[in-house]
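See below for the structure under consideration.
Values in this text are rule-based calculations from the coordinates and carry no lab data. Bear in mind the structure is a predicted one, so any value in this text is a computation, not a measurement. Quick reminder, even Gly has a Cβ in these numbers, built from the backbone with ideal geometry, and neighbours come from all protein chains shown.
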Amino acid sequence: MTTSALHELLRQAAPLAADMSISDVADRLLTAEQRAFLSLPVVDAQRRPLGLVSRYTLQDIFMQRFGRDLWGRRPVRDVMNATPLLVSIDWSLEQAAQQVTAQLKYPITEDFILVDGEGAYLGLGTVLDLLKAMEARIDQRNRVLRKALVDLKESQAQLVQSEKMASLGQMVAGVAHELNTPLGYVRNNIELIREQLLPLLQLAETQGQLVDCLNDPGAGQARLGEALALAEQALGEAPLEQLLGDLDQLFGDTAYGLGQIGELVGGLKDFARLDRAKSEEVDLNECVKSALLIARNSIKDKAEIVRQLGELPRVACAPSQINQVLLNLFTNAAQAMERFGHIHVKTWADEAAVFISVQDNGKGMPADVMARIFDPFFTTKPPGQGTGLGLSISYKIIQDHGGSIRVASEPGRGTRFLIRLPRVQASELKRSA
Ligand SMILES: Nc1ncnc2c1ncn2[C@@H]1O[C@H](COP(=O)(O)OP(=O)(O)OP(=O)(O)O)[C@@H](O)[C@H]1O
Ligand SMILES: [Mg+2]
């Protein structure tokens with residue numbers, strides 16, 4: 001408990017009786033045991049504090065001409081301060097400090113009296129001790145606060161990381177799904193190609209046998225006739241023109257499917273770039289494209305994407321982080337659709353900055369929701385569906401890039417997010433200055 005703090009401040013000072021002479025008090029103040037004190041307590045027979053007499057007062061008296069002769073025999077009661085500072089030992093250090101500093105007068109000429117719960121004298125406390133104890137306490141508080149701050153930062157970093165992992169997981173699931181379609185028909189096409197090749201192989205084989213027969217002087221008419229019949233039959237079963245046309249088509253489709261697979265894998269690589277979180281010069285249109293590619297699966301049943309990508313200068317940024325922001329905006333837009341809608345993605349630049357606008361014609365949001373969307377954990381989605389971290393993390397990422405993210409929304413009409421990223425970031429300006 002905090003009471004122990006005041007116990008530590010307690011110093012033993014033998015109290016004075018009210019009728020003790022001023023001379024005797026002065027002598028007492030000169031003894032070694034009393035040197036630490038500015039003042040001495042005066043108590044009654046029940047040890048109730050009556051007042052404090054300070055060195056300062058006595059010095060004043062003794063500095064007067066004949067001071068000791070005039071005052072020395074008088075009782076200390078006549079010169080004591082009858083309203084001394086009283087502090088109960090049960091108080092907290094803070095309470096005591098508040099009380100003492102509120103009543104303290106300058107210069108500090110007295111100590112304070114510590115009393116027990118019944119108001120009986122226990123000992124003296126010095127202002128200096130009290131201040132030291134407060135300082136130590138504040139130091140300790142500061143340490144605790146500093147540690148709390150470090151912990152907070154750490155857990156925030158962990159949150160950001162786990163959001164990142166969650167969005168990566170979502171993205172991987174989306175991409176796996178996307179890969180399935182081209183993978184399916186590439187596999188199908190290979191089966192078909194294998195089937196289409198069978199009559200061609202048959203044809204090649206019978207033709208080979210016929211050639212062998214023709215080249216063999218010993219081969220009789222009968223064998224030759226048989227080989228010719230087989231070759232003719234195989235030719236009939238392999239309509240060359242049609243087969244070659246079909247195969248061409250199949251190979252074309254397969255190549256297209258493989259191209260799509262390649263594109264998805266490439267997009268995934270561009271998107272993730274976890275290994276390169278540091279700033280690099282990036283064409284933000286590439287980020288938009290790769291985030292759209294990744295989000296395509298979760299958007300396609302909800303909305304059509306309209307792209308309007310302008311010419312952009314490269315800007316220094318962490319592409320994986322920007323991708324994460326865009327993915328958040330696209331997913332939010334798709335989730336805001338009440339019926340099949342549009343998501344309009346537009347990019348452009350001016351002399352100072354690059355802009356990305358993501359506009360949807362979903363359900364929009366009222367002002368009280370809009371005021372809170374960037375708060376961590378704010379979500380209007382049912383439990384288990386949204387963590388409410390998407391936009392707060394996006395906000396932080398854009399802020400870290402020296403940019404801004406703004407929102408405009410109207411219930412029933414839709415929402416628009418506008419990202420502005422400076423072409424030259426403040427940190428670079430500082431570096432080059
Ligand atoms: N395009 C939008 N249209 C309407 N409301 C939106 C839109 N984008 C965000 N909001 C609102 O802002 C809230 C916070 O969005 P945020 O992305 O931070 O979290 P979330 O989408 O709810 O959850 P999480 O992103 O973690 O899945 C959403 O719950 C929603 O109410
Ligand atoms: Mg979200």
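The phi-based Karplus calculation (6.51 cos²θ - 1.76 cosθ + 1.60; θ = phi - 60°) puts the 3J(HN,Hα) values of the range 376-391 at x, 6, 7, 8, 10, 7, x, x, x, 9, x, 8, x, 9, x, 6 Hz, whole numbers, x for Gly and Pro.
Near LEU16, the amide H atoms lying under 5 Å from its own belong to VAL42, VAL43; only residues 5 or more places off or on other chains count, and H is placed 1.01 Å from N.
Between PHE112, PHE340, PHE330, the GNM of the chain built on Cα springs shorter than 10 angstrom shows PHE112 fluctuating the most.
Let me have the relative contact order for the range 274-432, percent, based on Cα pairs under 8 Å that are six or more residues apart.
Values: 305 pairs, mean separation 36.8, N = 159.
Relative contact order of the range 274-432: 23 percent.
Across the range 99-108, coupling constants 3J(HN,Hα) worked out from phi with the 6.51/-1.76/1.60 Karplus curve, θ = phi - 60°, read 4, 5, 5, 5, 9, 5, 10, 9, x, 6 Hz, and Gly and Pro carry x.
With both partners inside the range 3-125, how many of the DSSP beta bridges are antiparallel, as a percent to the nearest 5? List each step's numbers first, then the result.
On the way: 12 of 17 bridges.
Within the range 3-125, antiparallel bridges account for around 70 percent of the total.
In degrees between 0 and 90, to the nearest 10, how far off the longest principal axis of the chain does helix 319-335 point, with axes built from Cα atoms? Roughly 80 degrees, rounded to the nearest 10.
Applied to the range 212-223, the Karplus parametrisation 6.51 cos²θ - 1.76 cosθ + 1.60 on θ = phi - 60° returns per-residue 3J(HN,Hα) values of 4, 4, 5, 7, 9, x, x, 6, x, 4, 4, 5 Hz, with x for Gly and Pro.
For GLU154, GLU410, what's the fewest-to-most ordering of other Cβ within 10 Å of each Cβ?
GLU154, GLU410
Please build a GNM for the chain, connecting alpha carbons under 10 Å apart, and tell me which residue among ARG413, ARG68, ARG141 fluctuates the most. Of ARG413, ARG68, ARG141, the most mobile in the Gaussian network model is ARG68.
Note on the range 359-398: Cα-Cα pairs beyond 11 Å make up 67% of the total pair count.
Would you mind giving the three semi-axes, in whole Å and largest first, of the ellipsoid equivalent to the chain according to its Cα gyration tensor?
Details: eigenvalues 1842, 121, 75 Å².
Whole-Å semi-axes of the equivalent ellipsoid: 96, 25, 19.
Springs between Cα atoms under 10 Å define the GNM used for the chain, and in it the highest mean-square fluctuation of SER298, SER394, SER155 occurs at SER155. Near VAL282, the amide H atoms lying under 5 Å from its own belong to VAL315, ALA316, CYS317; only residues 5 or more places off or on other chains count, and H is placed 1.01 Å from N.
Remark: relative contact order (the chain) = 10 percent; criterion is Cα-Cα distance under 8 angstrom and separation of 6 or more residues. Relative to the longest principal axis of the Cα atoms of the chain, helix 284-299 runs at roughly 80 degrees.
What's the center-to-center distance, using Cα atoms, between the range 204-223 and the range 61-98 in Å? So the separation of the two Cα centres works out to 137 Å. What angle do you read, to the nearest 10 degrees and between 0 and 90, between the alpha-carbon axis of helix 240-272 and the longest principal axis of the chain? The angle comes out near 10 degrees. This ranking places ILE393, ILE190, ILE322, ILE89 by how few other beta-carbon atoms lie within 10 Å of each, fewest first, which gives ILE190, ILE89, ILE393, ILE322.
Which order do ILE113, ILE305 fall in if you start with the one that has the fewest other Cβ atoms within 10 Å?
ILE305, ILE113
Mean projected area of the Cα convex hull of the range 174-331, taken over all directions, amounts to 14.7 nm². Proximity of backbone amide H atoms, modeled 1.01 Å from N, is registered between ALA303 and GLY341 at under 5 Å, excluding neighbours fewer than 5 places apart on the same chain.
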